[in-house]
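Visitor: Let me begin by handing over the structure; questions about it come next.
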Amino acid sequence: MSHDHATVAEEEYLEIMFWLEEAGLSITGANIARAMQLSPPTVHEMIGRLERDGYVTRAEDKSLLFTGEGREHAQAIVRRHRLIERFLTDVLGIPWDEVHEEAERLEHAMSPVLEERMLEAIGDAKTCPHGHPIVEGVREHGALLADVEPGASVLVLRFENEAEELLHYLKRAGMRPGLDGEVESSDDEGVVVISAGERLSITRSVAETVSVRADPAPPPRAPLPEALVISSDRYGR
Ligand SMILES: [Zn+2]
Ligand SMILES: [Zn+2]
């Protein structure tokens, strides 16, 4: 059976699956369960529903693949999410560490007409306020800040994990996409970046979630699956 409209729950799964794929991780039940902080049986059941509704198929190795329809749907919901976030920061003036959860709510209820108007309202912006491309095909892979050697210059491209408690932490630390500086030190405890005379310090686990353009650049690597936990308090307090 095929549906014209995915349910809100299906859209949330399609979104997280797209997110995993974009980050270079395989779309598996385990990665989805970890990212969404849900139990494996819950995830298993929903994957069955997504299969029946024609959004995903199973590869030989049990990982999941989008069907054409599934990919289109996932792209659309991710695009709306990022567009809404940009609209909330740039047009409504809401701080960038407070827009992710609002976008999670609004993205499921948006008409094509509203999407068109919001796109006009954000002008030239090409990314969400956390650095993720609104339109595909313009994503610079970069490196993870945790891998960059002291002395290298860095430009922050993206925050890979948009859990709000993590965004609050990054904002308090003085980080933002587009910030440039130099890595002063990097050890088991954390990473210190000097930018415009300020010392910005973040923990190592958070540096695992920050993508940068670095010179010299370390070898590219996908984020750790546990660095993409979208909803948990593992970074909090
Ligand atoms: Zn978000
Ligand atoms: Zn974002």
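The values are calculated or read from the model by the stated rules, or taken from the named source; none is laboratory data. Just so we're clear, the structure is a prediction, and the values are computed from it rather than from any experiment. With ideal geometry, Cβ positions are generated from the backbone for all residues, glycine too; neighbour counts draw on all protein chains shown. These area figures cover heavy atoms from the full protein model, side chains too; ligands, DNA and RNA do not enter into them. Shrake-Rupley method; radii C 1.70, N 1.55, O 1.52, S 1.80 Å.
Visitor: Out of all the residues in region 47-90, which are more than 16 Å from ligand 1 (Cβ to nearest atom) and among the aliphatic types (A, V, I, L, M)?
Guide: Those that are more than 16 Å from ligand 1 (Cβ to nearest atom) and among the aliphatic types (A, V, I, L, M): 47, 50, 56, 59, 64, 65.
Visitor: If only one of 58, 34, 79 is at pLDDT 95 or above and either hydroxyl-bearing (Ser, Thr, Tyr) or open to solvent by 40 Å² or more (accessible area, probe 1.4 Å) (or both), which one is it?
Guide: When all the criteria are applied, what remains is 79.
Visitor: If you take the residues in region 206-222 that are in contact with a helix residue (DSSP H, G or I) (Cβ under 7 Å, 6 or more places away or on another chain) and over 10 Å from residue 159 (Cα atoms), which one is most open to solvent (accessible area, probe 1.4 Å)?
Guide: 221
One line per residue, one yes/no per condition, for (1) touching a residue at least 60 places away in the same chain (Cβ under 8 Å); (2) in a loop (DSSP other than H, G, I, E, B):
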{"site": "117", "(1), (2)": "no, no"}
{"site": "124", "(1), (2)": "no, yes"}
{"site": "139", "(1), (2)": "yes, yes"}
{"site": "149", "(1), (2)": "yes, yes"}
{"site": "156", "(1), (2)": "no, no"}
{"site": "176", "(1), (2)": "yes, yes"}
{"site": "183", "(1), (2)": "no, no"}
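Visitor: For the list (1) open to solvent by 10 Å² or more (accessible area, probe 1.4 Å); (2) within 21 Å of the chain's Cα centre (by Cα), I need the number of the one condition that residue 182 fails.
Guide: Result: residue 182 fails condition (2) only.
Visitor: Right, another one. Failed condition for residue 110, given (1) within 16 Å of ligand 1 (Cβ to nearest atom); (2) open to solvent by less than 30 Å² (accessible area, probe 1.4 Å); (3) under 30 Å from residue 212 (Cβ atoms), with all others met?
Guide: Result: residue 110 passes all but (3).
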